[in-house]
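Worksheet for the structure shown next.
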Amino acid sequence: MRPLVIAVVWLAAFIPTTNAQETADTRLIGELMAFHGTKAIVSAMTTHCYENTGLDNEYKVANDNWYLRNIGFLDLADRVVLRLGGASEGQQKAAETYGGTQIMSAFNQADDKTVFCRAFLEQVESGALDINKSLPTTLSRAQEIASQ
């Protein structure tokens, strides 16, 4: 999932800034958009696997549980982004699209789609794809800003 963070930060680099603080804020906003990219990954793949594995309800439950575990982090990201001046138009959508595209590319390259889906399900259920585990540094920075 690290390529998602790199890509979102790369996208953020195209937003003009005028000083070091604005540059740091812009980078952090880009990194916070990765939270939404992660949500897109989990949502897209759990839906796709659900539809391609005989409508196994485990995938829907895993998605719902991931969302419940991570909604607070997504809300925190949105609040901090607003506090830092807001994201550029389309930035969140770009992160979501990138995340969904990357996971679908990995799925399409998998030799055994069922094995891929089961492994993905295990990652979601174990919490490995939770924001606090996959993006802990960015989460910590967002929590610091929110507490000020």
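The values are calculated or read from the model by the stated rules, or taken from the named source; none is laboratory data. In this text, all values refer to a predicted model and were calculated from it rather than measured experimentally. Protein only, heavy atoms only, side chains kept; ligands, DNA and RNA dropped before computing areas. Shrake-Rupley method; radii C 1.70, N 1.55, O 1.52, S 1.80 Å.
Here is how the numbers come out for the structure above:
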read-out	value
Per residue value of the accessible surface for region 49-148 (all protein chains in place, 1.4 Å probe), Å²	57 Å²
Length gained when the stretch residue 68-residue 126 is fully extended (0.36 nm per residue, less Cα-Cα span)	19.5 nm
Tensor-based shape of region 34-148 (alpha-carbon gyration tensor, a/c under 1.5 rounded, otherwise prolate or oblate)	prolate
